[in-house]
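Read the structure below first, then the notes.
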2 protein chains.
Amino acid sequence: MQQITIKALARELNLSVSTISKALRDSHEISPATKSRVLQLAARLDYKPNPYASSLRGKKSRNIGIVIPEVADSFFSLAINGIDATVKEKGYHSIICLTHEDFKNEQAILKELQNGRVDGVLMSVSSETTSGKHIRALMEQHVPVVLFDRVLADVPAAKVITDDIASSYKATQHLLRNGCKRIAFIGLSQQLSISADRLRGYENALREHGNKLSSKHILTCTPDPKKNLAAIKKLLQQKDRPDGIVTAVEKLAPLVYQACGQLSLSIPQDVKLVCFSNLELAGLLNPSLTTVTQPAYEMGQKAAEILLRLLDSKPVHKGDMQIMIPSRLVERNSSGEGN
Amino acid sequence: MQQITIKALARELNLSVSTISKALRDSHEISPATKSRVLQLAARLDYKPNPYASSLRGKKSRNIGIVIPEVADSFFSLAINGIDATVKEKGYHSIICLTHEDFKNEQAILKELQNGRVDGVLMSVSSETTSGKHIRALMEQHVPVVLFDRVLADVPAAKVITDDIASSYKATQHLLRNGCKRIAFIGLSQQLSISADRLRGYENALREHGNKLSSKHILTCTPDPKKNLAAIKKLLQQKDRPDGIVTAVEKLAPLVYQACGQLSLSIPQDVKLVCFSNLELAGLLNPSLTTVTQPAYEMGQKAAEILLRLLDSKPVHKGDMQIMIPSRLVERNSSGEGN
DNA sequence: CTGAAAGCGCTAACAG
DNA sequence: CTGTTAGCGCTTTCAG
């Protein structure tokens with residue numbers, strides 16, 4: 001890495017380092033003539049500023065951290081696209097940090113991010129996360145944080161979420177209307193905001209439609225797919241077998257298909273299914289999957305916009321402290337009549 | 001970002017800055033006693049080294065760049081997982097840069113990465129990329145590059161690929177054996193290594209089985225899904241309609257399903273299909289999709305290992321200049337009898 | 001309008 | 001074993 005430095009430009013033009021620096025930053029105290037000389041040489045020599053030098057000096061990195069559980073997930077990969085497009089426009093880079101749904105990892109990552117590597121953080125917590133202490137610690141180091149999708153109540157950060165309660169309500173209602181009598185809910189950890197809220201929406205719907213809630217119909221999954229598959233099979237083998245299922249996150253959908261396949265239960269005849277999911281291929285599954293499709297790209301975009309305002313120390317309207325972008329129910333065959 | 005600096009530690013312990021620095025880096029020239037005092041204070045004050053300062057000083061960032069077309073793709077998201085797991089172990093961070101299959105973006109990104117932000121680059125080229133000049137330019141700045149999956153012949157970098165020709169051959173052969181007479185190939189751009197090689201394998205299989213090649217059965221797609229869908233429909237509407245299809249990349253699979261759906265062609269009765277794809281849900285599609293499944297995670301891992309050796313200036317065995325990890329054909333219903 | 005000088009936090013000679 | 005010093009490349013007072 002032999003760089004062209006400002007010093008080299010200065011020597012070449014018989015100017016001082018500081019003049020070059022100012023010219024490059026288009027300072028008003030430099031004459032147009034010198035500016036253009038500098039700019040031209042810089043272009044000719046293909047000068048590229050050393051990001052570490054300016055970060056060290058200026059105390060900002062123009063990096064933002066994206067802390068998420070996983071990339072191999074449609075929701076998160078779409079959200080990344082939304083974030084990346086937004087921050088790139090302002091000259092920021094995305095550093096993606098994967099927690100793999102592990103709280104210890106998440107803590108370690110946030111701790112590490114206290115070192116100034118990033119100017120701000122966009123984050124969706126792991127399913128194991130129950131406290132926001134590590135996030136608050138980061139914020140206390142003056143690293144602004146915006147949470148999206150999987151948020152935490154005890155963190156005083158801006159949040160971008162979807163209407164989990166309402167859309168889960170709608171999903172459940174949809175199953176009820178299609179004749180389900182015993183609807184199960186499969187979530188991730190209980191303290192995960194999205195899972196809890198989606199459970200709430202489910203419960204509300206059942207209650208309002210006069211269905212009784214049964215703890216036997218509520219399954220809480222882990223990050224381990226094998227255990228989850230076993231648990232789902234167990235759920236589907238109980239005496240009071242569910243005839244409808246709402247799953248809270250994308251990666252549970254395939255497990256339900258598998259479980260039903262192994263138990264020779266057919267979807268939707270025996271079990272109707274609707275999943276929170278951003279799978280592009282939902283329509284091509286067998287049967288096609290009714291989804292609650294989240295505005296993943298938009299959520300990423302919005303969260304990034306808020307973070308950028310924060311980084312600009314522009315005011316964030318109080319309405320932006322909690323933004324809700326609605327999901328939509330896309331009805332397909334997994335919840336239909338099955339004729 | 002008010003940091004605890006080495007200076008602060010020095011002041012606190014009445015030691016010099018350099019002693020602290022050496023103690024923290026476990027230098028042999030520091031007494032065990034001082035070391036432990038330093039380490040303890042550092043722990044107590046939660047000292048975190050400023051990465052920019054050491055990058056500026058040491059001319060290395062401990063960042064590696066991952067330059068890929070897209071994250072919302074099973075192959076790439078799995079590869080990211082493999083890369084990230086590997087480099088993290090050695091204390092490196094991943095900076096993911098998305099080209100969105102756009103050559104101009106790719107050029108801009110590589111140019112930008114010449115500024116020292118990353119110590120090395122792992123890369124899979126865009127479908128528009130025809131020349132490796134921009135990559136060579138980066139390498140000339142002494143930024144080591146390892147290409148994976150989508151490689152470029154004219155770049156003298158280590159490459160990690162899968163056995164594209166052979167596995168495409170196998171896929172095509174599989175269709176032939178299952179009775180297909182007119183097999184089409186849908187690729188991305190012609191100069192994309194994986195697409196070209198997979199085309200080659202397809203052609204070899206046809207030729208060896210005495211089938212004639214027809215340019216009408218070879219479709220080259222673009223990054224635009226709408227146009228691709230139209231083109232695929234056209235392919236399937238010609239007089240000599242294909243009764244088998246091999247697609248070269250994952251994102252083409254759903255389009256074939258859609259096209260067949262819209263034309264009321266059934267898979268596999270009318271058209272048998274096998275796709276290069278890492279979709280976890282391939283088995284759940286309707287019909288389940290026969291895939292050539294690439295060793296995405298392993299390829300990422302291997303590419304990262306090679307890059308790490310390069311960064312350590314360890315010798316890279318000549319055998320490692322071109323690593324091939326085989327894909328495997330997973331037969332499912334889309335290429336079967338369709339009973 | 002231009003330049004000199006200081007310093008961001010850290011590391012590495014080099015002395016002592 | 002510890003300290004002094006210089007400097008990575010850049011920005012920013014402050015003087016001229």
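The values are calculated or read from the model by the stated rules, or taken from the named source; none is laboratory data. As the structure is a prediction and not an experimental result, all values here were calculated from the model. For neighbour counting, all protein chains shown are included, and Cβ atoms are generated from backbone atoms with ideal geometry for every residue, glycine included.
The figures follow:
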| read-out | value |
| --- | --- |
| Residues of the range B:80-90 satisfying the condition of being over 22 Å from A:Val87 (Cβ atoms) and facing chain A (nearest Cβ under 10 Å) | B:Asn81, B:Ala85, B:Lys88 |
| Residue within the range B:51-62 that is at pLDDT 90 or above and touching a strand residue (DSSP E or B) at 6+ places or on another chain (Cβ under 7 Å) present | yes |
| Residue count for the range B:1-22, restricted to those that are away from chain A (no Cβ under 14 Å) and either within 7 Å of DNA strand D (Cβ to nearest atom) or under 39 Å from the mean Cα position of the chain (by Cα) (or both) | 8 |
| Per-region count, the range B:59-68, residues within 12 Å of another protein chain (Cβ to nearest Cβ) and farther than 13 Å from B:Gly91 by Cβ | 4 |
| Sole residue being at pLDDT 90 or above, in the same structural domain as B:Glu140 (by TED's automatic domain parsing), in contact with a helix residue (DSSP H, G or I) (Cβ under 7 Å, 6 or more places away or on another chain) and among the hydrophobic types (A, V, I, L, M, F, W, C), chosen from B:Ile95, B:Ile83, B:Ile109 | B:Ile83 |
| Candidates A:Leu78, A:Leu9, filtered to the one that is crowded, with 17+ Cβ neighbours inside 10 Å, closer than 24 Å to B:Met139 by Cα and in contact with a helix residue (DSSP H, G or I) (Cβ under 6 Å, 6 or more places away or on another chain) | A:Leu9 |
| Selection within the range A:28-58 - in a helix (DSSP H, G or I) and either within 14 Å of chain B (Cβ to nearest Cβ) or within 11 Å of DNA strand D (Cβ to nearest atom) (or both) | A:Ala42, A:Ala43, A:Leu45, A:Pro51, A:Tyr52, A:Ala53, A:Ser54, A:Ser55, A:Leu56, A:Arg57, A:Gly58 |
| Any hit, the range A:110-118, residues being away from DNA strand C (no atom under 16 Å from the Cβ) and among the β-branched types (Val, Ile, Thr) | no |
| Some residue of the range A:8-27 being within 13 Å of DNA strand C (Cβ to nearest atom), in contact (Cβ under 8 Å) with a residue 12 or more places away in the chain and assigned to a loop (DSSP other than H, G, I, E, B) | yes |
| Filter result for B:Leu98 (within 13 Å of another protein chain (Cβ to nearest Cβ) and out of contact with any Cys (no Cβ under 7 Å at 6 or more places or on another chain)) | yes |
| Within the range B:248-296, tally of residues that are of a type in the set (D, E, K, R), more than 13 Å from every other protein chain (Cβ to nearest Cβ) and closer than 26 Å to B:Ile325 by Cα | 0 |
| Among the residues listed as A:Lys234, A:Lys216, A:Lys239, the single one being over 19 Å from the mean Cα position of the chain (by Cα), more than 26 Å from B:Ser288 (Cα to Cα), not acidic (Asp, Glu) and not in a loop (DSSP other than H, G, I, E, B) | A:Lys216 |
| Positions within the range A:135-193 being assigned to a loop (DSSP other than H, G, I, E, B) and within 23 Å of A:Lys239 (Cα to Cα), in sequence order | A:Asn178, A:Gly179, A:Cys180, A:Lys181, A:Arg182 |
| Residue that is nearest to B:Arg117 (Cα to Cα), among those in the range A:23-42 that are more than 44 Å from the chain's Cα centre (by Cα) and among the aliphatic types (A, V, I, L, M) | A:Ile30 |
| Conditions (1) within 30 Å of A:Ser18 (Cβ to Cβ); (2) surrounded by fewer than 24 Cβ atoms within 10 Å (Cβ to Cβ): number failed by A:Ile64 | (2) |
| Exclusive hit being among the small types (Gly, Ala, Ser), touching a Phe, Trp or Tyr at 6+ places or on another chain (Cβ under 7 Å) and without any contact (Cβ under 8 Å) to a residue 60 or more places away in the chain, set A:Ser126, A:Ser168, A:Ser131 | A:Ser126 |
| Checking A:Lys104 against (1) more than 8 Å from every other protein chain (Cβ to nearest Cβ); (2) buried (at least 22 other Cβ atoms within 10 Å of the Cβ); (3) touching an Asp or Glu at 6+ places or on another chain (Cβ under 9 Å); (4) part of a helix (DSSP H, G or I), the condition it does not meet | (2) |
| Test: residue in the range A:120-143 that is surrounded by 24 or more Cβ atoms within 10 Å (Cβ to Cβ), of a type outside the set (A, V, I, L, M) and within 12 Å of chain B (Cβ to nearest Cβ) | yes |
| B:Phe75 being assigned to a helix (DSSP H, G or I) and either touching a residue at least 60 places away in the same chain (Cβ under 8 Å) or within 14 Å of another protein chain (Cβ to nearest Cβ) (or both) | yes |
| Complete set of residues in the range A:289-315 that are of a type outside the set (D, E, K, R) and surrounded by fewer than 17 Cβ atoms within 10 Å (Cβ to Cβ) | A:Ser313, A:Pro315 |
| Looking only at the range A:316-339, and only at residues there that are touching a Ser or Thr at 6+ places or on another chain (Cβ under 8 Å) and part of a loop (DSSP other than H, G, I, E, B), the one that is surrounded by the most Cβ atoms within 10 Å (Cβ to Cβ) | A:Ser327 |
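The rows are residues; the columns are (1) near DNA strand C (Cβ under 9 Å from one of its atoms); (2) in the same structural domain as B:Leu138 (by TED's automatic domain parsing); (3) β-branched (Val, Ile, Thr).
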| position | (1), (2), (3) |
| --- | --- |
| B:Ile30 | no, no, yes |
| B:Ser54 | yes, no, no |
| B:Val67 | no, yes, yes |
| B:Ala72 | no, yes, no |
| B:Leu78 | no, yes, no |
